[in-house]
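The values are calculated or read from the model by the stated rules, or taken from the named source; none is laboratory data. Not measured: the values here are computed from a predicted model. Note that each Cβ is placed from the backbone with ideal geometry, even for glycine, and that neighbours are counted across all protein chains shown.
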Amino acid sequence: MDDQTNLRWPDTIYDHFKRVGIRQVGYVPDAGHSRLIKRICDDPEIADVVLTTEEEGVGLVAGAHLGGQRAALLMQSSGVGNCINMFTLVRNMGFPCLVLVTMRGEFAEFNPWQVPMGSITEPVLKLAGFLTYRVEEPGDVDETVSAACDMAFDGDLAVAVLLSQRLIGRKRWTK
Amino acid sequence: MSAERTKAGHAMLERRKLVKDLLVDRRDLMVVCGLGSATYDVAAAGDHPLNLYLWGAMGGAAMIGLGLALAKPDRRVAVLTGDGEALMGLGALATIGVKRPENLAIVVLDNAHYGETGMQASHTQGGADLVAIAKGCGFADALTLSAQSGVAHVRELLHTGKGPLLVNAHISSAETPRFLPVRDGHAIKLRFMQAANAP
């Protein structure tokens, strides 16, 4: 794996967002998604919607779909817990819901308070009706995100991609 | 303020008449209805394919309105919801204040109570001021509607006012008969999308 691939995986996600025509992205500020968020904010064709809490994004995605636009959500694993009741909207109405989750509370986690939610993020998503795919290596981002985008928007499905903490890298706690 | 109006018992707007008046000659207005009484009120005013009846997802109505307003910038979107539903999604007002969609209005049917669960007092009775909150979040305008004489103006705002707007309508907490529209979310969605996205 070359250094370019290691660093450029957020650009790969962005490229797939453009390929499938995503026009709205809801996000909560997040270090792991910072590069992708910047690409989205710099793109005048994508409405970047900064949320106060992740569950707002589920409503946003529903509204976008009702109006004929594709949308995606970016959140951290802790945000999945904030969404549980709002995820019922996805099942009750049936619309594509693509969520990219940066994981905390696993590989090389410094903060034990992240572990309880991080360790149940994937089962919670499954219980809420999502298909889930984990990515551990930068070289797997392309194929996995490509498949997730196609399943979400061609199949009207709820799909979550879990970007592992190993992929994102250790959080630096000292400056 | 809200507690005072309840105690004073002065004539407040009747919710069914208010909603019916707001939706007269609605043209292609898209209406997102918060769960519970707001959904019943909008349905009672006349079923319409552009009514998005919610039966759950409490706190999410305003954000559905935002996604819709961003997707359809040349159309008007109105979210009609209750004070309890709006309070559960207060953060959405800050999110909407950042994006400032000009085609979005939120009408809160504020009876200062949680009607679905036994008429417990809501936070608007305890002092939460939704108009001040919306203004503080950067809405283009936010106003109180408490008299029939103001209804026609608000109706006009739904069609031509520069959003985002929030209207806090002081309504009577008197019970109204339930009026239950279709509950199948997939059917509601498909009907709405066919009407909203027709060429």
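Taking into account only those residues within the range B:170-199 that are of a type in the set (A, V, I, L, M) and within 17 Å of B:G34 (Cβ to Cβ), which is nearest to the other protein chains (Cβ to nearest Cβ)? First the steps, then the outcome.
Residues of the range B:170-199 that are of a type in the set (A, V, I, L, M), as a first pass: B:171, B:174, B:180, B:182, B:187-188, B:190, B:193, B:195-196, B:198.
Filter once more, keeping what is within 17 Å of B:G34 (Cβ to Cβ): B:171, B:180, B:182, B:188.
Numbers: B:I171: 24, B:L180: 16, B:V182: 12, B:I188: 7 Å.
If we take residues in the range B:170-199 being of a type in the set (A, V, I, L, M) and within 17 Å of B:G34 (Cβ to Cβ), then B:I188 is nearest to the other protein chains (Cβ to nearest Cβ).
When you check A:G26 against the structure, is it in contact (Cβ under 8 Å) with a residue 12 or more places away in the chain, under 13 Å from the mean Cα position of the chain (by Cα), under 18 Å from A:N82 (Cα atoms) and buried (at least 24 other Cβ atoms within 10 Å of the Cβ), yes or no?
Answer is yes for this residue.
Pairs needed: first member in the range B:134-162, on the phi > 0 side of the Ramachandran plot; second member anywhere, not acidic (D, E); C-beta distance under 6 Å; at least 6 residues apart or different chains.
Qualifying pairs under 6 Å: B:G138/B:G97.
Going by what's in this entry, would A:V49 be described as within 12 Å of another protein chain (Cβ to nearest Cβ), buried (at least 24 other Cβ atoms within 10 Å of the Cβ) and within 22 Å of A:A147 (Cβ to Cβ)?
So A:V49 does not fit the description; no.
Take A:D43 and decide whether it is farther than 28 Å from A:Q114 by Cα, surrounded by fewer than 21 Cβ atoms within 10 Å (Cβ to Cβ), modelled with pLDDT of 95 or more and away from chain B (no Cβ under 12 Å). Give the derivation first.
Values: farther than 28 Å from A:Q114 by Cα: yes; surrounded by fewer than 21 Cβ atoms within 10 Å (Cβ to Cβ): yes; modelled with pLDDT of 95 or more: yes; away from chain B (no Cβ under 12 Å): yes.
Yes; evaluated as a whole, the condition is true for this residue.
Could you list, in sequence order, all residues of the range B:60-78 that are facing chain A (nearest Cβ under 7 Å) and either of a type in the set (A, V, I, L, M, F, W, C) or crowded, with 24+ Cβ neighbours inside 10 Å (or both)?
B:G60, B:M63, B:I64, B:G65, B:L66, B:G67, B:L68, B:L70, B:A71
Tell me, which helices (runs of 4 or more DSSP H) wholly within the range A:101-175 include 3 or more residues that are out of contact with any Phe, Trp or Tyr (no Cβ under 9 Å at 6 or more places or on another chain)?
A:115-118, A:121-127, A:141-155
When residues of the range A:83-108 are filtered for being surrounded by 19 or more Cβ atoms within 10 Å (Cβ to Cβ) and more than 8 Å from chain B (Cβ to nearest Cβ), how many remain?
Matching residues across the range A:83-108 total 13.
Out of everything in the range B:24-47 that is out of contact with any Ser or Thr (no Cβ under 6 Å at 6 or more places or on another chain), more than 14 Å from chain A (Cβ to nearest Cβ) and in a helix (DSSP H, G or I), what residue ends up being farthest from B:A196 (Cα to Cα)? Write out each step before concluding.
Narrowing the range B:24-47 to residues out of contact with any Ser or Thr (no Cβ under 6 Å at 6 or more places or on another chain): B:24-32, B:35-37, B:39-47.
From what is left, the residues that are more than 14 Å from chain A (Cβ to nearest Cβ) are B:24-27, B:36-37, B:40-47.
Within this subset, residues satisfying the condition of being in a helix (DSSP H, G or I) are B:37, B:40-44.
Numbers: B:S37: 24, B:Y40: 21, B:D41: 21, B:V42: 17, B:A43: 18, B:A44: 21 Å.
By that ranking, first place goes to B:S37.
With (1) in contact with a strand residue (DSSP E or B) (Cβ under 9 Å, 6 or more places away or on another chain); (2) within 14 Å of chain A (Cβ to nearest Cβ); (3) assigned to a loop (DSSP other than H, G, I, E, B) as the list, and B:I106 as the residue in question, which single condition is left unmet?
B:I106 satisfies every listed condition except (3).
For A:G21, work out the one condition from (1) touching a Gly at 6+ places or on another chain (Cβ under 9 Å); (2) within 19 Å of B:K72 (Cα to Cα) it doesn't fulfil.
It fails just one condition, (1).
Considering the range B:8-24 alone, what residues qualify as being touching a strand residue (DSSP E or B) at 6+ places or on another chain (Cβ under 9 Å), among the hydrophobic types (A, V, I, L, M, F, W, C) and at pLDDT 95 or above?
Once the filter is applied, which keeps residues that are touching a strand residue (DSSP E or B) at 6+ places or on another chain (Cβ under 9 Å), among the hydrophobic types (A, V, I, L, M, F, W, C) and at pLDDT 95 or above, the range B:8-24 yields B:L13, B:L18, B:V19, B:L22, B:L23.
Determine, yes or no, whether B:V167 is surrounded by 13 or more Cβ atoms within 10 Å (Cβ to Cβ) and within 14 Å of another protein chain (Cβ to nearest Cβ). Steps first, answer last, please.
Values: surrounded by 13 or more Cβ atoms within 10 Å (Cβ to Cβ): yes; within 14 Å of another protein chain (Cβ to nearest Cβ): no.
So B:V167 does not fit the description; no.
Can you tell me which of (1) over 15 Å from B:V32 (Cα atoms); (2) surrounded by fewer than 18 Cβ atoms within 10 Å (Cβ to Cβ) is the one B:V182 doesn't meet?
Every condition holds for B:V182 apart from (1).
Could you tell me whether A:L125 is modelled with pLDDT of 95 or more, within 23 Å of A:R19 (Cβ to Cβ) and aliphatic (A, V, I, L, M)?
It is false that A:L125 is modelled with pLDDT of 95 or more, within 23 Å of A:R19 (Cβ to Cβ) and aliphatic (A, V, I, L, M).
Would you confirm whether or not the range A:63-72 contains a residue that is buried (at least 22 other Cβ atoms within 10 Å of the Cβ), more than 23 Å from B:C137 (Cα to Cα), more than 12 Å from chain B (Cβ to nearest Cβ) and not aliphatic (A, V, I, L, M)?
no
Free of Cβ contacts under 8 Å to residues at least 40 places away in the same chain and over 22 Å from B:L93 (Cα atoms): is that true of A:E54 in this structure?
Details: free of Cβ contacts under 8 Å to residues at least 40 places away in the same chain: yes; over 22 Å from B:L93 (Cα atoms): no.
It is false that A:E54 is free of Cβ contacts under 8 Å to residues at least 40 places away in the same chain and over 22 Å from B:L93 (Cα atoms).
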